[in-house]
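All remarks here apply to the structure that follows.
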Amino acid sequence: MNKILHVAAECYPIAKVGGLADVVGALPKYQEKSGITSEVIMPFYQKPFTQTNELQCISNDLVYLGQTPYEYEILEVPKTHLGFTIYLVKIENLTDRTEVYGYHDDTERFTAFQKVVADFILQIQQKPDVIHCHDHHTGLLPFFISYAHKYESLKDIPTVLTIHNAQYQGEFSFDKLYYFPEYDLNHSGILEWDHQINPLATAIKCVWKITTVSPSYLIELQKNANGLESLLSHENKKSLGILNGVDPEVWNPKIDPLLESNFGLQNIASGRNGNKAWLCNKFDLDNTKPLMAFIGRFVYEKGSDLLPAVITSIFDQLKLDVTVLILGSGDSGTTEQLKEVKEKYKGKYNHHIGYNEKLSHIIYGGADFLLMPSRVEPCGLNQMYALRYGMIPIVSKVGGLIDTITDVDANENGFGITIANVSVHEISFGIQRAVDIYNNKSFYSKKRKQIMKIDNSWDSSAKQYINMYHSLIKQ
Ligand code: ADP
Ligand code: GLC
């Protein structure tokens, strides 16, 4: 095996909305370290990275959606930048925008992108041995190369789909079928799920192998996959759960340039206190109290809608002596409620509404406990970053959280706080348990040291992916 081509909508540090970017920015690097060429192709967006780096145009042409032509360029980010080569597909009026998602024409944007990717693979001399697609934005590509006449010569290249999140499927109406390259219409059923074109379902049906980002999520998907449960159960034989990893070149508290105060196992307390002092000063919080933090998107799956009520409950009912800091954005209802909470509990609660990479690192490096009451969590990276930075996670028992966090009371090696049900009562109780841990100074310091030593690096997962590719090539 020589070459893998990853196809994705996000890749850190070029464009990041969530964990997908972290994975696509790390996995190829560790595959390269294992001796295979691993490349990424993604859309070009107007982001600081693309605005400040010189990118070389390696090809340009037109891509059509029906009769409408769009000019595109493929720009190369050489391997020297990130440890693997990246191709950015800049399609005029479609991908060339500031945000990754959220536009009314996302269907057009990602369909055109995938057509360009298929053309790109057709043109390049050294074809990939495996095409590895990530999430629904790239879910039509396996269909194009399997069934469109134009890509006939590519149909024997093995394809893999990694499901990072099955809640989002990218479905759209059959009215837009004319965007697609010509294919034998007998295969239209592959595109269909619930009377619509469903890119995630399409990929699940077409690809040679499906992976999920944790083993537990694979099991959960049989029961909870936003309508795709039966399909995923049916395709279970070709599915495999591989846990995500942490990239220690980005997430290393000793050298992390985004931290206010760097630290290692020898100076956990003083290093972490430096970051906590910075946070408490900036957000007007009492530095002597245990600091609970949430980082993430305000969406139902993350349980963020419960946070305003949790904050009220821990301060008014349980009268806990803690402080709370939230970094995130999303649902406007949650944001409004948090603003009210902020007024009410000045000095005890504060937030930054928005996305801020630097602040997220300082929170991992300084806040005491991470709140992660997710209802759905395919893997979750926050809890793994928290562990690496000595921050104890309070998590629900779902998906990747089951696979990465053991409750302190489960056995003597336990190190986290787990909550059985995602409810205001149980999250508040989890915070109460955190306060007890915080107050037991020797236990708290022992656990911080223990969690920082946990190895969640990519090495083992990258190997599992490579073994899986080998098994496909042999087929
Ligand atoms: P998801 O991809 O579902 O959002 P993950 O836990 O896999 O969840 O990854 C989230 C990633 O995004 C982590 O790197 C986390 O630190 C980061 N992140 C989430 N929200 C923010 C934010 N508001 N500011 C900075 N980083 C954020
Ligand atoms: C998705 C999931 C998250 C996972 C990430 C990276 O965004 O919601 O749980 O960690 O992808 O795989």
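The values are calculated or read from the model by the stated rules, or taken from the named source; none is laboratory data. Since the structure is predicted, the reported quantities are computational estimates derived from the model, not experimental observations. With ideal geometry, Cβ positions are generated from the backbone for all residues, glycine too; neighbour counts draw on all protein chains shown.
Every condition in (1) touching a Phe, Trp or Tyr at 6+ places or on another chain (Cβ under 7 Å); (2) under 18 Å from Phe429 (Cβ atoms) holds for Leu318 except the one numbered (1). Tyr364 meets the conditions (1) at pLDDT 95 or above; (2) more than 16 Å from ligand 1 (Cβ to nearest atom) in every case but one. The failed one is (2). Identify, please: which residue in segment 20-38 is surrounded by 23 or more Cβ atoms within 10 Å (Cβ to Cβ) and either among the charged types (D, E, K, R) or not in a helix (DSSP H, G or I) (or both) and is, among those, nearest to ligand 1 (Cβ to nearest atom)? Going through the qualifying residues, I end up with Asp22. Applying the set (1) surrounded by fewer than 24 Cβ atoms within 10 Å (Cβ to Cβ); (2) part of a strand (DSSP E or B) to Ile402 leaves exactly one unmet item: (2).
Within segment 39-49, is there a residue that is over 21 Å from Glu357 (Cβ atoms) and loosely packed, with under 14 Cβ neighbours inside 10 Å? Within segment 39-49, not a single residue is over 21 Å from Glu357 (Cβ atoms) and loosely packed, with under 14 Cβ neighbours inside 10 Å. Scanning segment 207-248 for residues that are touching a residue at least 40 places away in the same chain (Cβ under 8 Å), within 23 Å of Asn467 (Cα to Cα) and part of a loop (DSSP other than H, G, I, E, B) returns Val207, Trp208, Val213, Ser214, Ile242, Leu243, Asn244, Gly245, Asp247, Pro248. Could you go through segment 294-306 and let me know if any residue there is more than 16 Å from ligand 2 (Cβ to nearest atom), surrounded by fewer than 19 Cβ atoms within 10 Å (Cβ to Cβ) and hydrophobic (A, V, I, L, M, F, W, C). So far as segment 294-306 goes, no, none of its residues is more than 16 Å from ligand 2 (Cβ to nearest atom), surrounded by fewer than 19 Cβ atoms within 10 Å (Cβ to Cβ) and hydrophobic (A, V, I, L, M, F, W, C). The set of residues in segment 423-460 being surrounded by 13 or more Cβ atoms within 10 Å (Cβ to Cβ), at pLDDT 95 or above, hydroxyl-bearing (Ser, Thr, Tyr) and assigned to a helix (DSSP H, G or I) consists of Ser428, Tyr438, Tyr444, Ser445. Within the set Gln31, Gln51, Gln56, the sole residue that is more than 25 Å from the chain's Cα centre (by Cα) and more than 20 Å from Arg297 (Cβ to Cβ) turns out to be Gln56. Taking every residue in segment 366-379 that is farther than 15 Å from Tyr300 by Cα and part of a loop (DSSP other than H, G, I, E, B) and pairing it with any residue that is of a type in the set (Ser, Thr, Tyr) and within 11 Å of ligand 2 (Cβ to nearest atom), at least 6 positions away or on another chain, the pairs with Cβ-Cβ distances below 7 Å are Cys379/Ser214; Cys379/Tyr217.
I need the full set of residues from segment 1-19 which are basic (Lys, Arg) and assigned to a loop (DSSP other than H, G, I, E, B), in order please.
Once the filter is applied, which keeps residues that are basic (Lys, Arg) and assigned to a loop (DSSP other than H, G, I, E, B), segment 1-19 yields only Lys16.
A search for C-beta distances below 6 Å between a residue of segment 77-95 that is within 15 Å of Phe49 (Cα to Cα) and among the aliphatic types (A, V, I, L, M) and any residue that is at pLDDT 95 or above and in a helix (DSSP H, G or I), counting only pairs 6+ apart in sequence or on different chains, returns Val89/Phe113; Val89/Val116. Filtering segment 101-112 for residues that are charged (D, E, K, R), under 16 Å from Glu39 (Cβ atoms), touching a residue at least 60 places away in the same chain (Cβ under 8 Å) and surrounded by fewer than 24 Cβ atoms within 10 Å (Cβ to Cβ) leaves an empty set. Do we find that Ser304 is within 16 Å of ligand 1 (Cβ to nearest atom), in the same structural domain as Glu426 (by TED's automatic domain parsing) and on the phi < 0 side of the Ramachandran plot in this structure? The answer is yes for Ser304.
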